[in-house]
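Q: There's a structure below that I have some questions on.
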Amino acid sequence: MDDLRQWPEPVVPVQSLSDGGLTSIPEKYVKPPSDRPSLEANLDRGLTMPVVDLRGIYDGSVDSRAAMVAIWDACKEWGFFQVINHGVRPDLVEEMKGVWREFFRRPLDEKQRYANSPATYEGYGSRVGVEKGAVLDWGDYYFLHLLPLSIKSHDRHWPARPSTLRKVTEEYGGEVFKLCGVLLRVLSMGLGLDEEYFRRAFGGDGTASCVRVNLYPKCPQPELTLGLSPHSDPGGLTVLLADDHVEGLQVRKDGAWLTVRPVPGAFIVNVADQIEVISNGIYKSVDHRVIANSKDERLSIAFFYNPEGDVAIGPAPELLTPQLPPLYPCITFNEYRMYVRKRGLSGKSQMKSLKLY
Ligand code: OGA
Ligand code: NI
């Protein structure tokens, strides 16, 4: 059995390599040719990810229907959309980016006091998965839990400095959590289910949330590696705050990789695996990855809205008919997540291995 107590090899923060001024990347980060980002992937094929203005939904105006339809269509066709007028205060968003940039600028030994382990992933880290000899990604991250309160561990697992980091992260998390509540109601309605359906299916008040702050340092050979390998997110819904100025996120659309152009001030929202499961495949959890770049460092902050760990999740019975049988079995999120924690990121292989048809 894979050992989830410790990493199979010593973890080297990518930031420490990048700051050392390397001109070529260590072998461990070199992807096999088929996994490297091709130039072709950067052609945008004239496609743009839908951008949805949530103002109508918040003020209940006639525009709300159009916004809801745009979200439903985006979740079926793209699995991704951007939201503007999302209700999270712009100054809080800026503060959130600011405190985390500052954290990553702190001395290495201070950051390494929070070094994480594969048992919980909480803290400062640089790899996903415990397979010895795996090819690594060109990125570092900080992972922490916000909810449920029973596993939130401020004192041990959240950085103490900068001094405002904990307060800002909590406040930001609270606001984005509310936004997810609104989006989940919209998604429930899009399936003809009652508004609270997804929230209830996720365990109601037991719903979990966590944050992963990603730092992608400058990379001298971006054509040989990736900032983050292809994956779909395992949880419910993801709200990503991407760097306004530095691109990097790519989404798989119609079989090819498409670079996302972030709209300033917007969040990028994506359907994650558990929503695909509950919707029985109507809403799509789509593969995405991050490419590295040689000119600029990139920071992104992913907020994950997840089901309670021990609630069984399966396709909504209301959506099933003899012609539309369940595509996925019912399993808990804790069981599901174990797969990713052992194997690392590998596209949608987890979903595919579970699929009944
Ligand atoms: C993630 C993720 C994308 C990005 O953290 O799950 O997909 O742009 N991040 O950093
Ligand atoms: Ni992701």
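Q: What is the sum of charges, Lys and Arg at +1 and Asp and Glu at -1, for the other residues whose Cβ falls under 9 Å from the Cβ of residue 50?
A: Numbers: positive: none; negative: 73, 77.
Once positives and negatives cancel, what remains is -2.
Q: At 0.36 nm per residue, and after removing the present C-alpha to C-alpha distance, how many nm does the segment from residue 321 to residue 223 gain when stretched out fully?
A: Numbers: separation 98, 0.36 × 98 = 35.28 nm, distance 4.71 nm.
Full extension from residue 321 to residue 223 adds 30.6 nm.
Q: Just 85, 214, 306 to compare: in a GNM of the chain, with alpha carbon springs under 10 Å, which one fluctuates most?
A: Largest GNM mean-square fluctuation: 85.
Q: Solvent-accessible area of residue 77, probe 1.4 Å, all protein chains present, reported in Å² to the nearest ten, please.
A: Around 120 Å² of this residue is reachable by solvent.
Q: Gain in length, residue 12 to residue 256, computed as 0.36 nm per residue apart minus the alpha-carbon separation, to one decimal in nm? Walk me through the numbers on the way to the answer.
A: On the way: separation 244, 0.36 × 244 = 87.84 nm, distance 3.17 nm.
Roughly 84.7 nm would be gained on extension.
Q: Ranked by accessible surface with a 1.4 Å probe, highest first, in what order do 209, 16 come? It would help to have the intermediate numbers written out before the result.
A: Values: 209 5, 16 45 Å².
The residues order as 16, 209, largest area first.
Q: So, one more: For a quick check, take a GNM of the chain with Cα springs below 10 Å and name the residue from 120, 321, 164 with the largest mean-square fluctuation.
A: Result: 321 has the largest fluctuation of those listed.
Q: Quick one: helix 63-77 against the long Cα principal axis of the chain, what's the angle to the nearest 10°, folded into 0 to 90?
A: 60
Q: When every alpha-carbon pair in the chain is counted, what percent end up more than 32 Å apart?
A: Values: 17533 of 63546 pairs.
Here the long-distance tail beyond 32 Å is 28 percent of all Cα pairs in the chain.
Q: Within the range 110-136, whose backbone N sits under 15 Å from a point 7 Å along Cα→Cβ of residue 22?
A: Counting only backbone N, you get 126-127, 134-136.
Q: Report, in listed order, any pair from 178/295; 97/152; 31/253 with a Cα-Cα distance greater than 31 Å. Spell out each step's value before the answer.
A: Values: 178/295 36 Å; 97/152 21 Å; 31/253 22 Å.
The answer is 178/295.
Q: Find the accessible area per residue for the range 28-354; the probe is 1.4 Å, ligands and nucleic acids are left out, and the unit is Å².
A: Details: 13500 Å² over 327 residues.
Counting only protein heavy atoms, the per-residue value for the range 28-354 is 41 Å².
Q: Same structure, new question: From the gyration tensor of the Cα coordinates in the range 213-345, what semi-axes in whole Å does the equivalent ellipsoid have, largest first, with each one equal to sqrt(5λ)?
A: One finds semi-axes of 31, 15, 14 Å for the range 213-345.
Q: Something else: Run the quick spin-label model on residue 246 and residue 55: label points 7 Å from Cα toward the beta carbon, then report their separation in nm to one decimal.
A: Between residue 246 and residue 55, the simple spin-label model gives 3.2 nm.
The values are calculated or read from the model by the stated rules, or taken from the named source; none is laboratory data. Fair warning: this is a prediction, and the values are worked out from it, not measured in the lab. Neighbour counts are summed over all protein chains in view; Cβ atoms, including those assigned to glycine, are modelled from backbone coordinates with ideal geometry. Protein only, heavy atoms only, side chains kept; ligands, DNA and RNA dropped before computing areas. Shrake-Rupley method; radii C 1.70, N 1.55, O 1.52, S 1.80 Å.
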